[in-house]
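This report concerns only the one structure given below.
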Amino acid sequence: PAYLAERGEPMTLADLAEHEGIAYLRQGRVLAWQWQLDGQWQSVRPTGRLQLDDLHAITQAAIAGFGLAWLPTWLARPHLERGELREVLGSLKGRRYPINALWPHSPHLPLKTRMAIDWLASRLPERLASVTGAGSHDQ
């Protein structure tokens, strides 16, 4: 909210060029922000000084007012609810990514693996239900 109060809120994807973006680095590359517009996926490369490879650090930088961030809903939701972040371009549909959990086939799973699977099976449906209908472009 502090950043938006100072710099204004982007209303279109083109407006993002006028804003500081906090970029997410993955394997040394800046990942583009993606939205669906008129049935087509549009990619926008964030411009700004901050390039981080940790989503939690990006979240904290956005809260501190360093710029806009393209965050997964599961991470942004609590900060949105507390008013620490505000969603922009909410009318556009953001890219959704599948969630996968893989483990080696074995007749006897290590206890920590079994516990992780059980935790995901018990908590993930509730967590996903809490973001149903929300895009993955919370900022």
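The values are calculated or read from the model by the stated rules, or taken from the named source; none is laboratory data. Bear in mind that the values here come from a model prediction, so they are computed numbers and not experimental data. Heads up, the Cβs are rebuilt from the backbone with ideal geometry, glycines too, and the neighbour counts pull from every protein chain shown. Keep in mind that these areas ignore ligands, DNA and RNA; they rest on the heavy atoms of the full protein, side chains included. Shrake-Rupley method; radii C 1.70, N 1.55, O 1.52, S 1.80 Å.
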- Message: Suppose the chain between A116 and R29 were pulled fully straight at 0.36 nm per residue; how much longer would it get relative to their current alpha carbon spacing?
- Response: 28.3 nm
- Query: So for the chain, what percent of the C-alpha to C-alpha distances run longer than 25 Å?
  - Reply: 34
- Over the chain, what relative contact order in percent results from Cα pairs under 8 Å that are six or more residues apart? 29
- Query: FRET efficiency for Q40 and E126, Cβ-Cβ distance as r, R0 = 30 Å, nearest 0.05?
  - Reply: 0.35
- How much solvent-accessible surface does R86 expose, in Å² to the nearest 10, with a 1.4 Å probe and all protein chains in place? 100
- Message: Can you sort K112, K93 by solvent-accessible area, 1.4 Å probe, largest first?
- Response: K112, K93
- Quick one: how many Å² of V30 are accessible to a 1.4 Å probe, rounded to 10? 40
- Whole-Hz Karplus couplings 3J(HN,Hα) for region 103-111, θ = phi - 60° and coefficients 6.51, -1.76, 1.60, Gly and Pro as x, run 8, x, 5, 7, x, 10, 6, x, 4
- Please work out how much accessible surface S122 shows to a 1.4 Å probe, ignoring ligands, DNA and RNA, in Å² rounded to 10. 80
- Item | Accessible carbon and sulfur surface of region 4-79 relative to its total accessible area, %, 1.4 Å | 48
- Accessible area per residue, 1.4 Å probe, Å², for region 1-106: what's the number? 64
- Item | Point-to-point label distance, L80-L55, nm (Cα→Cβ direction, 7 Å offset) | 1.4
